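A.B. asks: Quick one: this structure, given as structure tokens, is what I'll be asking you about.
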Amino acid sequence: MNITRHVKEGFIGVLRHSAMSVSAATAVMITLVLMSLFLLLTLNLSQITKNVEESVQIHVKIVDGTSMETIDAMKAEIALIPGVKLVTFSDKNAELDRFIAAFGEDGKIFEMYRGEDNPLRDAYLVDVVKNAPLDIIAAKIKLLDAIEGVNYGGDNTLRLVSLMESIQNGGLILVSILWLLAIFLISNTIKITIYSRSEEIHIMRTLGATNHFIRFPFLIEGILIGLMGSILPILLTIFGYQYLYNALGGVLVSNLFILRPIYPMVFQVSGILAGLAVLVGLTGSFISVTRHLRWNR
Amino acid sequence: MNITRHVKEGFIGVLRHSAMSVSAATAVMITLVLMSLFLLLTLNLSQITKNVEESVQIHVKIVDGTSMETIDAMKAEIALIPGVKLVTFSDKNAELDRFIAAFGEDGKIFEMYRGEDNPLRDAYLVDVVKNAPLDIIAAKIKLLDAIEGVNYGGDNTLRLVSLMESIQNGGLILVSILWLLAIFLISNTIKITIYSRSEEIHIMRTLGATNHFIRFPFLIEGILIGLMGSILPILLTIFGYQYLYNALGGVLVSNLFILRPIYPMVFQVSGILAGLAVLVGLTGSFISVTRHLRWNR
Amino acid sequence: MLKFKEVSKTYKNGVNALYNINLLIEQGEFVYIIGPTGSGKSTLIKLLDAEEKATKGSVEVAGVDLAKLKPRKIPLYRRSIGVVFQDFRLLEHKTIFENVLFALEITNTPVLKARQRVREVLSLVDLADKANDFPSSLSGGQQQRTAIARAIANRPKVLVCEEPTGNLDPAKSADIIRLLEKINREEGTTILMVTHDISMVNSFRKRTIALQDGHIMADLHDGGYIE
Amino acid sequence: MLKFKEVSKTYKNGVNALYNINLLIEQGEFVYIIGPTGSGKSTLIKLLDAEEKATKGSVEVAGVDLAKLKPRKIPLYRRSIGVVFQDFRLLEHKTIFENVLFALEITNTPVLKARQRVREVLSLVDLADKANDFPSSLSGGQQQRTAIARAIANRPKVLVCEEPTGNLDPAKSADIIRLLEKINREEGTTILMVTHDISMVNSFRKRTIALQDGHIMADLHDGGYIE
Ligand SMILES: Nc1ncnc2c1ncn2[C@@H]1O[C@H](COP(=O)(O)OP(=O)(O)OP(=O)(O)O)[C@@H](O)[C@H]1O
Ligand SMILES: Nc1ncnc2c1ncn2[C@@H]1O[C@H](COP(=O)(O)OP(=O)(O)OP(=O)(O)O)[C@@H](O)[C@H]1O
Ligand SMILES: [Mg+2]
Ligand SMILES: [Mg+2]
């Protein structure tokens, strides 16, 4: 068997059927652009969901003037509630720091409350385990003695967390479906391009070429078309994400969601795209050439 | 001109090139399934975003024992803050109702606090206009006299609202890109199928058929392939959404997000899919037949 | 009337297929075009068919100057001539009946009349029993006769045949020639026939134009015995 | 040695192309197959080529029973025979050189030797100057000679030619026959030639098998003058 010959034939085939090759590569390209978009989205979503989940915290305000013993005792009690991961005490002063920090530059004006006038309360910051029932934990804390208020962001936090999770799950399902569809689309396209070559395949068979001999150059063509189709999506992935990342300053809407760093993600995604294109181009042409070979004697 | 003849020819064309037609229709099908998925998602997202935005509320607790005059005066003051749409007073008792309601069946146990023992406070429920700066409004309310606490869900509400909005915007952009890509993919597929018919087109031209005469049956074929490819996506849209809607009980994750009603949305989406398929099938074959006609004398 | 005036044809790859051809064929003539392989016979036909454009000179058919013919007008022109191609050019995915019908549909022949005419020409070339077969299940000679039936279906003013008997046995060949003679005689159709079949040229004598290397070598007005 | 034993062939659409054919052709013979159009000549060739299977009876070529040939073995078998098809079957997207080369690549001929052989056979059929053209820019006769060159490139034991001179002028036809005679004589190749060209059958006398409606009508061992 002469591999050089087959590879050369594959290249010639792509060139001589250029209109067809370009069309097929275009279809591959479009499909991969979609794939890339969704991969990048899902990867970022999973990152953001993790951020959000980690930032969920119950804020417990302590009645003014509670003794240190009670504070420590309650802290221990809270820590025992199922679902609670960590309880941190934060005194009035620290609370004002957090308050001011939350407002950024504008927060400075609240400095005047520092000291005796501080209207804030000592507080516990309660971190919970993943998927903990925030509302129930909050209600339980509220039943303790010297608690002035419990705040976990209410329904909206529940909503946010569950939304992020269902988006992430939905995204995963979607990406899996997309993989299947992309594979189907690409191999279907390559199948169509080979239909128009059935005459050619038939003649080769008539001349006494073995199936293997006929198939090999088509496999190379499939790989080439796949590769041709993956160039633009890869460039789009690398430079497009880079551009977006920089344009958005690495975050999605005002610091709330942190995007995934550019590297190495874009290279990983590019690798997946190229691999997918080659694999599907290869199998697509394998299947359809084989089918034509089976029809003929 | 004999339209019946051309339409009949179109049908015959699809039948005689059945393998090709099926392949092309499959590609159309896959593309439309994607389209349907994204249309349904975006439509629901915009609905859910609206729900979330409407449910954003600032909850203001009033210091126990504040006089009715002060309460009314503060209500008027809050109403004057820019961004505030509506201020509603809710007394301890009403607050307990809300509290209990929020816990559903489990909430019953809190009934024991009803009456004198009620640990809750009178409160204002502050509705704000769309996109209002929740944090700033909350801070301004907090500076009033007899306010014990202000709660808008904190960062997580901000996050949720902005996330929903950016998802919705992103979704719109994505769906627009998808439209373009779908159109491109479908017409590209039909283009490829017509390549293999170039010999046929050339012969017809040689026999003295006008471009119009050659083209018409191909347009019918394009429409038929489009329609064939849209059957499954339409069925999937109608029955799939119905099934999901019923399986989820009309909501996405525990009452927080209400899904769009099944009707008439599924029919609208189906109409869009069929229309798109026909339109793109038509233009795809028009463009590629015309190109073949231009190449030949 | 067919008129070639100082016609030359050079293909894109530089091959000179015809040099300075001058030729006049009157309406109603029956002319053989002979010549060795590669001498430019098919090229001559392609010029007549407006499939190729002359590089130099002018080709005129029934008053139409083919060089000046707008692409939009080509279909209309082609309906006035019938061509039997060397490679048949049948529509693979249409039956024999539909292949012939197609030529009549192009000219907007009413359906019933068209179907009637298809049956008529198919029995003229002795293919009535193959009407519903596809070209791929026909023998070479049967495909060739389908091409002939299609070319004559519209009763064109000019009929051009490339080797219409190349795949036929002598008996069938003679049948076809007699059919063409009848069409020529009864309908006044101008007939140009490219052939290699010297024995036929010798038995059915007609004006014979001999090409060689793109030049007209001989133009024997009464036919003649050619070796 | 070619052996047909009580072979019948009925196509899927019910057409009976061959009836009860018995035929024995020795290695090294040169045989004409003649017969009117549609008499089953191409079908006979398709059986030999293993493109179609006999409905009844057995076809044996050089000891291989074609009915029992596994699809996987067909390519190997086909390399031992060379076929010139009525419709040429050239690979449209390969040049003339590559078309002929393809037949040699199949048999794993070393590259240099293969290219050498391609040049050799192309000049045998007088097409050396068209080596780099594509089939579409060749005349009918030139395409036919390409098909001949491709069929003989591998020096097959059996050479089957369908109308190898159907698109050639008498002079070129005679050249081709002389070429085939030389191959037959020098390499001991069995040659089966389907033809309508009675004048050729008459001038180059060989064993002649006449088919009619799927039957063997005559088997003239010394050739003969046929009307
Ligand atoms: N499309 C083309 N492009 C380039 N060269 C061509 C083309 N068609 C024909 N030729 C060349 O022009 C010359 C004349 O070809 P043409 O087909 O007219 O010959 P012909 O007389 O019909 O021969 P035959 O009897 O073999 O059919 C040949 O040398 C051929 O190779
Ligand atoms: N694939 C096929 N399917 C059905 N019928 C066929 C097929 N091929 C040939 N036939 C029929 O079988 C008969 C014999 O055909 P064949 O091609 O063998 O004739 P032939 O002797 O080669 O004729 P010609 O000289 O015209 O080429 C014809 O009637 C033809 O219509
Ligand atoms: Mg020619
Ligand atoms: Mg035949």
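The values are calculated or read from the model by the stated rules, or taken from the named source; none is laboratory data. As the structure is a computational prediction, the values presented were derived from the model and not from experiment. Cβ coordinates were reconstructed from backbone atoms using ideal geometry, including for glycine residues, and neighbour counts include every protein chain displayed.
A.B. asks: Out of region D:67-78, which residues are surrounded by 19 or more Cβ atoms within 10 Å (Cβ to Cβ) and either among the acidic types (Asp, Glu) or over 13 Å from the mean Cα position of the chain (by Cα) (or both)? Steps first, please.
C.D. replies: So in region D:67-78, the residues surrounded by 19 or more Cβ atoms within 10 Å (Cβ to Cβ) come out as D:74-75, D:78.
Within region D:67-78, D:74, D:75 meet the criteria.
A.B. asks: Could you check region A:61-76 and list, in sequence order, the residues that are closer than 12 Å to residue A:145 by Cα, part of a helix (DSSP H, G or I) and either touching a strand residue (DSSP E or B) at 6+ places or on another chain (Cβ under 9 Å) or outside the structural domain of residue A:119 (by TED's automatic domain parsing) (or both)?
C.D. replies: Scanning region A:61-76 gives A:70, A:71, A:74, A:75.
A.B. asks: When region D:24-60 is examined, which residues are found to be over 30 Å from residue A:293 (Cα atoms) and within 12 Å of ligand 2 (Cβ to nearest atom)?
C.D. replies: D:33, D:34, D:35, D:36, D:37
A.B. asks: Tell me which of these residue D:49 doesn't satisfy, since it passes every other one: (1) crowded, with 19+ Cβ neighbours inside 10 Å; (2) over 24 Å from residue A:210 (Cβ atoms).
C.D. replies: Failing condition for residue D:49: (2).
A.B. asks: Also: Let me confirm something: among B:48, B:58, which residue is in contact with a Phe, Trp or Tyr (Cβ under 6 Å, 6 or more places away or on another chain), surrounded by 15 or more Cβ atoms within 10 Å (Cβ to Cβ) and outside any strand (DSSP E or B)? Explain how you work it out, then say what you get.
C.D. replies: On the way: B:58 fails: outside any strand (DSSP E or B).
B:48 is the lone residue from the list that is in contact with a Phe, Trp or Tyr (Cβ under 6 Å, 6 or more places away or on another chain), surrounded by 15 or more Cβ atoms within 10 Å (Cβ to Cβ) and outside any strand (DSSP E or B).
A.B. asks: Just need a number here: residues in region C:117-153 that are hydrophobic (A, V, I, L, M, F, W, C) and not in a helix (DSSP H, G or I).
C.D. replies: Result for region C:117-153: 5.
A.B. asks: Determine, yes or no, whether residue C:143 is among the polar types (S, T, N, Q) and either under 25 Å from residue B:203 (Cβ atoms) or in contact with a Pro (Cβ under 6 Å, 6 or more places away or on another chain) (or both).
C.D. replies: Working: among the polar types (S, T, N, Q): yes; either under 25 Å from residue B:203 (Cβ atoms) or in contact with a Pro (Cβ under 6 Å, 6 or more places away or on another chain) (or both): yes.
Criteria met by residue C:143.
A.B. asks: What is the number of the single condition among (1) buried (at least 21 other Cβ atoms within 10 Å of the Cβ); (2) away from ligand 1 (no atom under 16 Å from the Cβ) that residue D:113 does not meet?
C.D. replies: It is condition (1) that residue D:113 fails.
A.B. asks: Spot the failing condition for residue C:87; the list is (1) within 12 Å of another protein chain (Cβ to nearest Cβ); (2) of a type in the set (Asp, Glu); (3) more than 16 Å from ligand 1 (Cβ to nearest atom); (4) not in a helix (DSSP H, G or I), and only one is missed.
C.D. replies: So residue C:87 meets the others, but not (3).
A.B. asks: Hey, among the residues in region C:10-37 that are within 11 Å of ligand 1 (Cβ to nearest atom), more than 23 Å from residue C:204 (Cα to Cα) and in contact (Cβ under 8 Å) with a residue 60 or more places away in the chain, which one's nearest to the other protein chains (Cβ to nearest Cβ)?
C.D. replies: C:17
A.B. asks: Next question, about the same structure. Of everything in region D:36-62, what is under 23 Å from residue D:75 (Cβ atoms) and outside any loop (DSSP other than H, G, I, E, B)? Give them in sequence order.
C.D. replies: Listed by number, the residues that qualify are D:42, D:43, D:44, D:45, D:46, D:47, D:48, D:58, D:59, D:60, D:61.
A.B. asks: Residue B:210 fails exactly one of the following numbered conditions: (1) within 13 Å of chain C (Cβ to nearest Cβ); (2) crowded, with 23+ Cβ neighbours inside 10 Å. What is the number of that condition?
C.D. replies: (2)
A.B. asks: With the requirement that a residue be touching a Leu at 6+ places or on another chain (Cβ under 7 Å) and surrounded by 19 or more Cβ atoms within 10 Å (Cβ to Cβ), what does region A:258-275 give you?
C.D. replies: Result: A:259, A:265, A:269, A:273.
A.B. asks: Shifting gears a bit: Among the residues of region C:102-147, how many are basic (Lys, Arg) and facing chain D (nearest Cβ under 10 Å)?
C.D. replies: 2
A.B. asks: Mind listing whichever residues of region C:154-201 are charged (D, E, K, R) and not in a helix (DSSP H, G or I)?
C.D. replies: C:155, C:157, C:162, C:163, C:169, C:197 - these are the residues of region C:154-201 that are charged (D, E, K, R) and not in a helix (DSSP H, G or I).
A.B. asks: Could you list, in sequence order, all residues of region C:119-150 that are away from ligand 3 (no atom under 16 Å from the Cβ), of a type in the set (A, V, I, L, M, F, W, C) and touching a strand residue (DSSP E or B) at 6+ places or on another chain (Cβ under 9 Å)?
C.D. replies: Of everything in region C:119-150, just one residue is away from ligand 3 (no atom under 16 Å from the Cβ), of a type in the set (A, V, I, L, M, F, W, C) and touching a strand residue (DSSP E or B) at 6+ places or on another chain (Cβ under 9 Å), namely C:148.
A.B. asks: Look at region D:148-184 and say how many of its residues are within 13 Å of chain C (Cβ to nearest Cβ) and of a type in the set (Gly, Ala, Ser).
C.D. replies: 4
A.B. asks: Separate question: Mind checking which helices (runs of 4 or more DSSP H) fall wholly inside region A:104-218 and carry at least 3 residues that are under 30 Å from residue D:147 (Cβ atoms)?
C.D. replies: A:154-195, A:198-206
A.B. asks: I've got another one for you. Of the conditions (1) among the hydroxyl-bearing types (Ser, Thr, Tyr); (2) more than 30 Å from residue D:199 (Cα to Cα); (3) within 14 Å of chain C (Cβ to nearest Cβ); (4) in contact with a helix residue (DSSP H, G or I) (Cβ under 6 Å, 6 or more places away or on another chain), residue D:95 clears all except one; give me its number.
C.D. replies: Among (1) among the hydroxyl-bearing types (Ser, Thr, Tyr); (2) more than 30 Å from residue D:199 (Cα to Cα); (3) within 14 Å of chain C (Cβ to nearest Cβ); (4) in contact with a helix residue (DSSP H, G or I) (Cβ under 6 Å, 6 or more places away or on another chain), residue D:95 violates only (4).
Let's see how each residue does on (1) crowded, with 21+ Cβ neighbours inside 10 Å; (2) within 16 Å of ligand 2 (Cβ to nearest atom):
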| residue | (1), (2) |
| --- | --- |
| D:163 | yes, yes |
| D:171 | no, no |
| D:210 | no, yes |
| D:214 | yes, yes |
| D:222 | no, no |
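A.B. asks: Quick one: count up the residues across region B:229-244 that are over 23 Å from residue B:183 (Cα atoms) and at pLDDT 90 or above.
C.D. replies: Of region B:229-244, the ones over 23 Å from residue B:183 (Cα atoms) are B:239-244.
Okay, now just the ones that are also at pLDDT 90 or above, so B:239-243.
Summing the residues that are over 23 Å from residue B:183 (Cα atoms) and at pLDDT 90 or above in region B:229-244 gives 5.
A.B. asks: Mind checking which residues of region D:162-197 are within 16 Å of ligand 4 (Cβ to nearest atom) and either assigned by TED's automatic domain parsing to the domain that holds residue D:120 or over 11 Å from residue D:30 (Cβ atoms) (or both)?
C.D. replies: Matches in region D:162-197: D:162, D:163, D:164, D:165, D:166, D:167, D:194, D:195, D:196, D:197.
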